[in-house]
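Please read the structure below before turning to the comments.
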Amino acid sequence: MAFNNEQFKDILAEFTIGGERLREIAATFRQDLQLGLRDVTLSSMRMLKSYVGLPSGKERGEYLALDFGGTNIRVFRIRLDGDGKYEIVKRVGRPLVVPGEYDYICKDATAEQMFDFIAELVDEAIDGDHDTKYYLGHTFSFPSTQDNLYNARLIIWTKEFATQGVEGEVANDLLVAALKRRDAANVEPVAVLNDTVAVLLSAAYKTPDTFIGSIYATGHNTCYLEPTIHDPKGVGKGGMILNLECGNFSKLVPNRFDAEYDERSEKPGEQRFEKMVSGRYMGELLGMAIAELLGEKGKQYGLTSVDMSMMILDESENLTKASDIIMAKVGRELDFEDVQKVRELASAIVIRSARLVAASFVALVWQRAGSGKIVRQHVAVDGSVYEKMPLAKENITRAISELLGEDASKVDTILDNGGSGLGAAIAAAMAVEGNA
Ligand code: BGC
């Protein structure tokens, strides 16, 4: 059965954002941000205080960094040498899920099991040394409220995590208890931060004039340095970094695929923006579009963003790779024109995602500029979608140009690879040094 061309065009249009709409989206994002700055309950974003500003760049010493934000847990020992320099002394990592073996993120897993697994990894990073004192920075990349640099309390799991007994708890308290059970109480968590904040700290440590940090990966979120917020319990300079939790931005009109996916997701109504842009969801959206075209609406094929990326990259004459992926996941052999259409849809979904993310960056650039001029600056981004997904980066740049015109030459996005680990070590140093 070949795809119906009208239906295909209609779906393609659903995933296309023109110039005017892009501008409206950026303006709406900024408005939502301004509402939140006045009264956080008015914004669809959580706009969480981080209790940290920018580093001085002079931070020094050896720290532990725990990166807990996706299915891979990583622990690093990092030596900060000041002047933007550092060295990773040790690095260990392990997934929270190995299919058929264990799964610490499913509904049946408990907080204790999850944090014991993490403590074991921390122990590996310190080679079982239970005597030396270690200060640990913890990148915990889920929406959490905190009123100092230590006590992030998980509001709600995102990214389809479902482990019992963590929502409502202080992540570092669960970690401290697990470290005690392992006899590793010499490791002291002193700072907790969102991965966006970690990326911003890491980039700002190395590259001055960076005020916005973002993750564009399995999940999506952005933070920025808000100069008007100061808190006696905070450290760092230039104001306070606000973790927007903009994955929850919901003042956008979703298309029918977004709406349908949301309804059947683990947390309907939550993370609407993230479900439109991040790597966890793009493959699902593509699958839904294909199901509609094949007349099997509701069927799920388990397409991932890696599948999408491989299909988009397949420029071979017969689109062999793309056809193979469709065969393996959708279970159909499509003719050449339809494989081409699937590739077009995959591209449209990625381009929409990149344009939405760019609109949110521009909203923050506008916000920081206020009524003044836009200054030269970098937006630090980390994450697999930004780094590896074809079409993502170039479409962010294009959309920034469309929105900022001449000023676009002052704003660029830079990859801050591995910022989650380095940022955590920097935050720990700032906490220990009491850098205000
Ligand atoms: C979480 C954020 C996080 C982002 C990127 C989202 O699902 O809510 O806290 O920054 O994923 O990891």
Residue identified as within 16 Å of the ligand (Cβ to nearest atom) and open to solvent by 10 Å² or more (accessible area, probe 1.4 Å) among GLU284, GLU263: GLU284
For LEU121, only one of the following conditions fails: (1) part of a helix (DSSP H, G or I); (2) more than 16 Å from the ligand (Cβ to nearest atom); (3) crowded, with 18+ Cβ neighbours inside 10 Å. What is its number? (3)
Looking at the structure I just gave you, is GLU274 over 14 Å from the mean Cα position of the chain (by Cα), within 16 Å of the ligand (Cβ to nearest atom) and not hydroxyl-bearing (Ser, Thr, Tyr)? no
Scan of region 174-217 for residues that are touching a residue at least 24 places away in the same chain (Cβ under 8 Å), charged (D, E, K, R), assigned to a helix (DSSP H, G or I) and over 30 Å from VAL365 (Cα atoms), ordered by number: ARG181
For region 250-260, indicate whether the set of residues that are in a strand (DSSP E or B) and either under 22 Å from the mean Cα position of the chain (by Cα) or of a type in the set (Phe, Trp, Tyr) (or both) is non-empty. no
So ALA363, is it closer than 24 Å to MET45 by Cα and either modelled with pLDDT of 95 or more or open to solvent by 20 Å² or more (accessible area, probe 1.4 Å) (or both): yes
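How many of the residues in region 124-179 are among the small types (Gly, Ala, Ser), within 16 Å of the ligand (Cβ to nearest atom) and either within 18 Å of ALA424 (Cβ to Cβ) or touching a Pro at 6+ places or on another chain (Cβ under 8 Å) (or both)?
Total satisfying the criteria: 5.
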Total residues in region 287-309, condition in a helix (DSSP H, G or I) and either open to solvent by less than 70 Å² (accessible area, probe 1.4 Å) or touching a residue at least 40 places away in the same chain (Cβ under 8 Å) (or both): 11
Only one of VAL381, VAL375 is open to solvent by less than 50 Å² (accessible area, probe 1.4 Å) and in the same structural domain as GLU317 (by TED's automatic domain parsing); which? VAL381
Give just the number: which of (1) touching a Lys or Arg at 6+ places or on another chain (Cβ under 8 Å); (2) within 30 Å of GLN7 (Cβ to Cβ); (3) within 16 Å of the ligand (Cβ to nearest atom) does HIS220 not satisfy? (1)
Taking region 134-173, which residues are open to solvent by 30 Å² or more (accessible area, probe 1.4 Å), touching an Asp or Glu at 6+ places or on another chain (Cβ under 7 Å) and not in a loop (DSSP other than H, G, I, E, B)? TYR135, ARG153
Could you tell me which numbered condition LYS159 fails, if it satisfies all but one of (1) closer than 26 Å to GLY53 by Cβ; (2) at pLDDT below 95? (1)
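Find the helices (runs of 4 or more DSSP H) located wholly in region 333-436 whose residues include 1 or more that are closer than 30 Å to ASP231 by Cβ, and list them.
Where helices (runs of 4 or more DSSP H) fall fully within region 333-436 and carry at least 1 residues being closer than 30 Å to ASP231 by Cβ, they are 336-369, 419-433.
The values are calculated or read from the model by the stated rules, or taken from the named source; none is laboratory data. No experiment lies behind these values; they were computed from the predicted model shown. As a convention, Cβ positions derive from the backbone with ideal geometry for all residues, glycine included, and neighbour counts pool all protein chains shown. Keep in mind that these areas ignore ligands, DNA and RNA; they rest on the heavy atoms of the full protein, side chains included. Shrake-Rupley method; radii C 1.70, N 1.55, O 1.52, S 1.80 Å.
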